[in-house]
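Remarks on the structure that follows.
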Amino acid sequence: MKRRGLNKKAEIMSSQSVNIIIMLAGFAIVLFLFYRFAFIDVIDATACHESVILRATAPFGNKYIPLNCYTEKLCVTSKFVGSECEDFENEKGVDKAKVEKNADVEKLIAQKVLDCWTMMGEGKVSLFEQTKAEFGIGGVYPSCVICSRIAFDKENLDSKIDLSKVDPVNYMNTHKIAGTEVSYTKYMTGISGGFAVKDDIKLEGGSYKQDEGKKDEKEIKVDGFDVNLIDAPVTPGDDTEELAIFFMQISAPTKATVWKNFGNVALAGASLSLLISPIKTIMGAPKKIWEAGTTCYKFLPLCAGIILIAGGVVQGTAINNRAVSLSKCEDVLLSGEQARTGCSVVRVTNYDYKDISKYCGVIEGFP
Amino acid sequence: MNKKKFNKKGILMPEVLKILIAVLVIAALLYLTVSFYGILMGQYKLQQATLHLENIINKGNELENGGKADYLLTNPVGWKLMDFNKQNEKALCFCPEGVKILDTLQNYESCSKLGICSNSKKKIEIVLSDHVIYLIKGDGPKTLTIFAAADKITVRPYVVDPESDPMSEALKDLEGQGV
């Protein structure tokens, strides 16, 4: 009887361990598939997009909400085994993209540009708050998030691929996004939009000139941040070491907006005062205003001087900020007035400080 | 008559108290929100700094003697990359605003606490007179040149024309040691 009981126990134990082994094996297979199909990238993109939405919808202090965006490192090769991009030497988290022809490279760049654009909110949201500039007391600078770095494993690239002939702009103009009926360009610039391109982008050791005929000169509808634009992607030439695909945003308030913001603050202060002590505010406010007025009148030259200087500084800063915005956006916007207000752009440049510094004053996200 | 007046005061007092409590609670909530954002932002910048520091040290450690690599330092803005002499060893640190740039044990400890410090297999040094590389808001990223000499790794901002670099002599010496 006892022996039978022992056997039963052994049977249960062995069946349990088989179950555990099967479960572990299943888990390992699931994990393998998880990594094999690079779901991590999808998770990263979703986490980034969610942080973008969170930042965009925060009622105040949105610049304090971190952007959970990691730069994707992509090594373009024609072989999976034994291939490596020199630019990513000793770097972790490098993904590989297999290409067989020029069109594959063009599609890859187009897709990454589109991914960056959608991930960062399609230019519909203001992500990089510059509070001081809103009041004309601080400068503006463009802020960026580097979505992808693309390097080429030239040693293992298929002989059919000629990087100097890769033309992602043309690809984006002529190819539809999978599952839709619109081209990359149409989608990113909006139905009523268009896009302007830099006509001469210099690369180290080569340059890329956009054909005049390819320029799309439709008028762009601009409303605040609803500027749907894409910069012309650089054509990777033979000497291109590494490309960066980044999202850039800059905004500069108009002079009227600056004064409106001051008005809004005064209004908010008055409302708060009314809410806390309504009677005291109603009874006391006219007296306070009168007192301020008479004091100013007593020292008229000093008071007028202070008002004039303060007004001049605010006005001057606003003008300067709009000039900065123009310099960062003029290559992608058709009208100077639009460019002065700001823009949201996905840019493709060489991954070096010279090119990136030209467009990014601050870079957010993780390397 | 007196009693009536007293009652009026009695009604008003709880209202004043309620307002006071409401104001205090709002102030506390505001303080908590600001602190929460501060913590989030501090962690965000610390994570950026940690990743960059890891990358720089990995690059340096993997380089062969005499090898050179460029690294694009993109963030965190407002922080600075510094080296510290830590009992004959050099530590590379990424320190936030507020940490003084003098190479003292106190500053090292303050940077280790508020920022991130890391030792590499080899000695590591920033080849600049003040041993500090700043990331300034609005200036964009910085390219660093990492160089592996025989016994140490050096880090310095990328220079377009090395001949015009005031530190070029020191660099030539180092490169001589490495090759």
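Only the coordinates and a few stated rules stand behind these numbers; no lab work does. Predicted model, so just to flag it, every value in this text is computed and none were measured. Neighbour counts run over all protein chains shown; Cβ positions are idealised from the backbone, glycine included.
Packing, as the average of other Cβ atoms within 10 Å across residues, places the peptides A:351-364, A:94-107, A:293-306 in the order A:351-364, A:94-107, A:293-306, highest first.
For the pair A:Ala268 and A:Ser357, what calculated FRET efficiency results from E = 1/(1 + (r/R0)^6), where r is the Cβ-Cβ distance and R0 = 51 Å, to the nearest 0.05?
Details: r = 37 Å, r/R0 = 0.73.
So the FRET efficiency works out to roughly 0.85.
Please compute, for peptide A:353-366, the average count of beta-carbon atoms on other protein chains lying within 10 Å of each residue's beta-carbon. Don't skip to the end; give the middle numbers.
Details: counts 12, 4, 1, 5, 5, 1, 1, 5, 7, 12, 10, 6, 4, 8.
Mean partner shielding for this stretch: 6.
Taking the stretch B:78-110 and a reference point 7 angstrom along Cα→Cβ of B:Asn61, the backbone N atoms nearer than 15 Å belong to B:90-93. Residues whose amide H lies under 5 Å from that of A:Glu72, counting only those 5 or more places away or on a different chain, are A:Ser148, A:Arg149; hydrogens are built 1.01 Å from N in the peptide plane. The A:Lys287 and B:Met13 beta-carbon pair, evaluated with R₀ = 41 Å, returns a calculated FRET efficiency of approximately 0.90.
Residue-wise HN-Hα couplings along the stretch A:160-176, as the Karplus relation 6.51 cos²θ - 1.76 cosθ + 1.60 with θ = phi - 60° gives them from phi, are 6, 8, 10, 4, 5, 9, 6, 10, x, 4, 4, 4, 5, 6, 9, 10, 8 Hz; Gly and Pro carry x. Among B:Val23, A:Val52, the order by Cβ neighbours within 10 angstrom, fewest to most, reads B:Val23, A:Val52. What the phi angles of the stretch A:116-128 give under the Karplus curve with 6.51, -1.76 and 1.60, with θ = phi - 60°, is a coupling list of 4, 4, 6, 4, 8, x, 6, x, 8, 10, 8, 9, 10 Hz, glycine and proline written as x. Listed values for the stretch A:281-291 are Karplus-derived 3J(HN,Hα) couplings in whole Hz (6.51 cos²θ - 1.76 cosθ + 1.60, θ = phi - 60°), namely 5, 5, 6, x, 4, x, 5, 4, 5, 4, 4, and x replaces Gly and Pro.
Other protein chain C-beta atoms within 10 Å of residue C-beta, averaged over A:91-102: 1.
Annotation: amide H-H contacts under 5 Å for B:Lys86 (H modelled 1.01 Å from N, sequence separation of 5 or more, or interchain): B:Ala91.
What FRET efficiency, computed as 1/(1 + (r/R0)^6) with R0 = 30 Å and r the Cβ-Cβ distance, is obtained for A:Asp158 and A:Ile20, rounded to the nearest 0.05? So the FRET efficiency works out to roughly 0.05. Simple spin-label estimate for B:Lys86 and A:Lys101 gives 5.6 nm between the two label positions (7 Å along the Cα-to-Cβ direction from each Cα).
Sort A:271-280, B:67-76 by the packing proxy (mean of other Cβ within 10 Å over each peptide's residues), most packed first. Walk me through the numbers on the way to the answer.
Details: A:271-280: 11.2, B:67-76: 19.9.
Peptide ranking by packing, descending: B:67-76, A:271-280.
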